[in-house]
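In what follows, a structure is listed as structure tokens, so that the remarks can point back to it.
The values are calculated or read from the model by the stated rules, or taken from the named source; none is laboratory data. Please read these numbers as outputs of a predicted model, since none were measured by experiment. Heads up, the Cβs are rebuilt from the backbone with ideal geometry, glycines too, and the neighbour counts pull from every protein chain shown.
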Amino acid sequence: MSMLIDRIIKDHEHLTRLLVCLDREISKYKEGATRRPRLSVIIDALDYLHNYPDSFHHPLESRLLAKLRPRITDSELREKLEVIEDQHVEINQLTNNLIDRFQSIQNDQIVPIDALLADYQRYAELQINHLKLENTCMIPAMKALLTEEDVAAVTSALNGNPDPLFGAHLWDSYENLYQFVIGTEKEQIAV
Ligand SMILES: [Fe+2]
Ligand SMILES: [Fe+2]
């Protein structure tokens, strides 16, 4: 039980770190910024968000939520868990949409930047609100209500799906992204 929940909590810590770094990089698109945004790391970050949180972490949570749902009697909690499931769909759609538009910039196509930044802002807020809702509602409910049998069925999926950025083995394709996170965090400490 605890290994699975610990993995979700750890993922949330890593996701928060990446979102903070991505925010700092995207802010360089704003007027008055003194440094140019590094488009390649923005695309790498969104690619990772598509490849791990959207493709594994959220589906893992959804599988656990399916086990949790029949055990919940509190209607307010049940509604919050439905919001979490809706957010998984919306986050996935927005990640893909942002990837398309930042890739268009990379391909020298014209992309209205103000609309893109507004959509990114909505995305960033959604991600943070989603993490808060999961940490305050979903995880305590999972800890309290899931049985060993519930968890056993889902745990087998863990080993074959390591985190390609923050896990034990960093994927070659995320080497630059990892260095970006470490470098951005060092800059933040230095400020
Ligand atoms: Fe999560
Ligand atoms: Fe989630």
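Out of curiosity, is Leu19 within 15 Å of ligand 2 (Cβ to nearest atom), aliphatic (A, V, I, L, M) and part of a helix (DSSP H, G or I)?
Numbers: within 15 Å of ligand 2 (Cβ to nearest atom): yes; aliphatic (A, V, I, L, M): yes; part of a helix (DSSP H, G or I): yes.
Yes: the conditions hold for Leu19.
Contact list please: Cβ distance under 7 Å, first residue in the stretch 114-135 and over 12 Å from His88 (Cα atoms) and among the polar types (S, T, N, Q), second residue at pLDDT 95 or above and surrounded by 14 or more Cβ atoms within 10 Å (Cβ to Cβ), pairs at least six apart or on different chains.
Qualifying pairs under 7 Å: Asn135/His12.
Taking the stretch 52-66 only, how many residues are among the polar types (S, T, N, Q) and near ligand 2 (Cβ under 9 Å from one of its atoms)?
Pass one, the stretch 52-66, residues among the polar types (S, T, N, Q): 55, 62.
Subsequent filtering for residues that are near ligand 2 (Cβ under 9 Å from one of its atoms) retains 62.
The number of residues fulfilling the criteria is 1.
Scan the stretch 48-67 and tell me whether some residue there is more than 16 Å from ligand 1 (Cβ to nearest atom), free of Cβ contacts under 8 Å to residues at least 60 places away in the same chain and either under 25 Å from Ile113 (Cβ atoms) or outside any helix (DSSP H, G or I) (or both).
Here is the first cut: in the stretch 48-67, the ones more than 16 Å from ligand 1 (Cβ to nearest atom) are none.
No, every residue in the stretch 48-67 fails to be more than 16 Å from ligand 1 (Cβ to nearest atom), free of Cβ contacts under 8 Å to residues at least 60 places away in the same chain and either under 25 Å from Ile113 (Cβ atoms) or outside any helix (DSSP H, G or I) (or both).
Select from the stretch 113-167 the residues that are surrounded by fewer than 13 Cβ atoms within 10 Å (Cβ to Cβ), within 26 Å of Gln103 (Cα to Cα) and among the small types (Gly, Ala, Ser) and list them in ascending order.
Selection gives Ala115, Ala118.
Being within 20 Å of the chain's Cα centre (by Cα), farther than 18 Å from Leu22 by Cα and within 16 Å of ligand 1 (Cβ to nearest atom) is true for just one of Glu134, Glu125. Which residue is that? Lay out the reasoning, then the answer.
Values: Glu125 fails: farther than 18 Å from Leu22 by Cα.
Only one candidate passes the filter, namely Glu134.
Within the set of pairs 6+ apart or on separate chains, which have a first residue in the stretch 1-19 that is more than 17 Å from Leu145 (Cβ to Cβ) and of a type in the set (D, E, K, R), a second that is within 13 Å of ligand 2 (Cβ to nearest atom) and in a helix (DSSP H, G or I), and C-beta atoms under 6 Å apart?
Asp11/His57
Please count how many residues of the stretch 168-181 are exposed (fewer than 11 other Cβ atoms within 10 Å of the Cβ) and closer than 19 Å to Glu13 by Cα. Break it down into steps so the answer makes sense when it comes.
Going residue by residue through the stretch 168-181, those that are exposed (fewer than 11 other Cβ atoms within 10 Å of the Cβ) are 168-169, 172.
Now drop any that are not closer than 19 Å to Glu13 by Cα, which leaves 168-169.
Summing the residues that are exposed (fewer than 11 other Cβ atoms within 10 Å of the Cβ) and closer than 19 Å to Glu13 by Cα in the stretch 168-181 gives 2.
Can you tell me which residue in the stretch 22-35 is surrounded by the most Cβ atoms within 10 Å (Cβ to Cβ), limited to those that are among the basic types (Lys, Arg) and either within 16 Å of ligand 2 (Cβ to nearest atom) or assigned to a helix (DSSP H, G or I) (or both)? Break it down into steps so the answer makes sense when it comes.
First pass over the stretch 22-35, keeping only residues among the basic types (Lys, Arg): 24, 28, 30, 35.
Add one more test, that the residue is either within 16 Å of ligand 2 (Cβ to nearest atom) or assigned to a helix (DSSP H, G or I) (or both), and what stays is 24, 28.
On the way: Arg24: 16, Lys28: 13.
The selected residue is Arg24.
Where in the stretch 87-162 are the helices (runs of 4 or more DSSP H), entirely inside, with at least 1 residues that are of a type outside the set (S, T, N, Q) and at pLDDT 95 or above?
Of the helices (runs of 4 or more DSSP H) lying wholly inside the stretch 87-162, those with at least 1 residues that are of a type outside the set (S, T, N, Q) and at pLDDT 95 or above span 113-133, 139-145.
From Leu98, Leu77, grab the single residue that is under 29 Å from Leu146 (Cβ atoms) and surrounded by 12 or more Cβ atoms within 10 Å (Cβ to Cβ).
On the way: Leu98 fails: under 29 Å from Leu146 (Cβ atoms).
After ruling out the rest, the residue left standing is Leu77.
Could you please find all residues in the stretch 147-156 being more than 15 Å from ligand 1 (Cβ to nearest atom) and either of a type in the set (A, V, I, L, M, F, W, C) or over 12 Å from Leu64 (Cα atoms) (or both)?
Within the stretch 147-156, the first condition is being more than 15 Å from ligand 1 (Cβ to nearest atom), and the residues that meet it are 147-153, 155-156.
Correct list: Val151, Ala152, Ala153, Ser156.
Out of the residues in the stretch 68-86 meeting the condition of being more than 21 Å from Gln127 (Cα to Cα), in contact (Cβ under 8 Å) with a residue 24 or more places away in the chain and not in a loop (DSSP other than H, G, I, E, B), tell me which one is nearest to ligand 1 (Cβ to nearest atom).
Top of the filtered list is Leu68.
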